1. From Glu163, Glu188, Glu171, Glu153, which residue is under 30 Å from Asn99 (Cβ atoms) and either surrounded by fewer than 14 Cβ atoms within 10 Å (Cβ to Cβ) or modelled with pLDDT of 90 or more (or both)?
2. Among (1) more than 42 Å from the chain's Cα centre (by Cα); (2) outside the structural domain of Glu111 (by TED's automatic domain parsing), there is one condition Leu146 misses while meeting the rest; what is its number?
3. Suppose the filter is modelled with pLDDT under 75 and either among the charged types (D, E, K, R) or more than 30 Å from Glu140 (Cβ to Cβ) (or both); does Asp117 pass it?
Amino acid sequence: MSHNQAAKKEFDFEEEKKEKEEAELEDEAELESEEVTEDSVDEAMDEELEVSDLKEQIEDLEKELERSEQEKEEYINKLQRQRADFSNYKNRVKKEKDNLKENATKELVSELLPILDNFERALASSAEDENLADFMEGMEMISRQLVKVLQQEGLEEISTVGEEFDPNLHEAVAKEPSEEYESGIVIEELQKGYSFNGQVLRAAMIKVAE
């Protein structure tokens, strides 16, 4: 083999070796690139999963918050209804209690009216008897005290003489001509009438002008 042939063969060998090394480097680079790409894809997928999980968690939290708000509103409404019911109950009990008290007082006052009438009759019939002066003074004091107590409870006398006849307040037992009063005006009171807390307890017995 000549010197030139040997040199050429060695050159070809070197070239082949160089090409082989370059091919190996390219293969390694390609493999590394593929590995990097796969890693990037995996990382991207992991990130997407994390974002998706976060979105689901946020949605769950929002739903839970909405449920909590609804429950809070329900509790508040329920509490307000209970307070209103309790307030209505208290008012109803108070009203019933007041009605019972008023009715009991009204009944008691009604039973005392005949006693008051008897006091007035006794005082009127004995006014001119000097022998009964001290006794009558004591009777008048008792009568005034009784009237005062009844007035404090809501008893009021119904106006009669000089007032226009009112069938809601007066019970006319007679009609008489009168020069002093016009027709339809009360001219005489035969028995006192009373109202109790604005309601007629007993109509006044009267005479009215024709």
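The values are calculated or read from the model by the stated rules, or taken from the named source; none is laboratory data. As the structure is a prediction and not an experimental result, all values here were calculated from the model. Don't worry about glycine lacking a Cβ; one is built from the backbone with ideal geometry, like all the others, and counts go over all protein chains shown.
1. Numbers: Glu163 fails: under 30 Å from Asn99 (Cβ atoms); Glu188 fails: under 30 Å from Asn99 (Cβ atoms); Glu153 fails: either surrounded by fewer than 14 Cβ atoms within 10 Å (Cβ to Cβ) or modelled with pLDDT of 90 or more (or both).
Testing whether each residue is under 30 Å from Asn99 (Cβ atoms) and either surrounded by fewer than 14 Cβ atoms within 10 Å (Cβ to Cβ) or modelled with pLDDT of 90 or more (or both) leaves just Glu171.
2. (2)
3. Numbers: modelled with pLDDT under 75: no; either among the charged types (D, E, K, R) or more than 30 Å from Glu140 (Cβ to Cβ) (or both): yes.
Taking the combined requirement at face value, the residue does not satisfy it.
Residues are listed down the side, and each one gets a yes or a no for (1) of a type in the set (D, E, K, R); (2) without any contact (Cβ under 8 Å) to a residue 60 or more places away in the chain; (3) touching a strand residue (DSSP E or B) at 6+ places or on another chain (Cβ under 7 Å):
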{"site": "Leu146", "(1), (2), (3)": "no, yes, no"}
{"site": "Glu153", "(1), (2), (3)": "yes, yes, no"}
{"site": "Val161", "(1), (2), (3)": "no, yes, yes"}
{"site": "Glu164", "(1), (2), (3)": "yes, yes, yes"}
{"site": "Val186", "(1), (2), (3)": "no, yes, yes"}
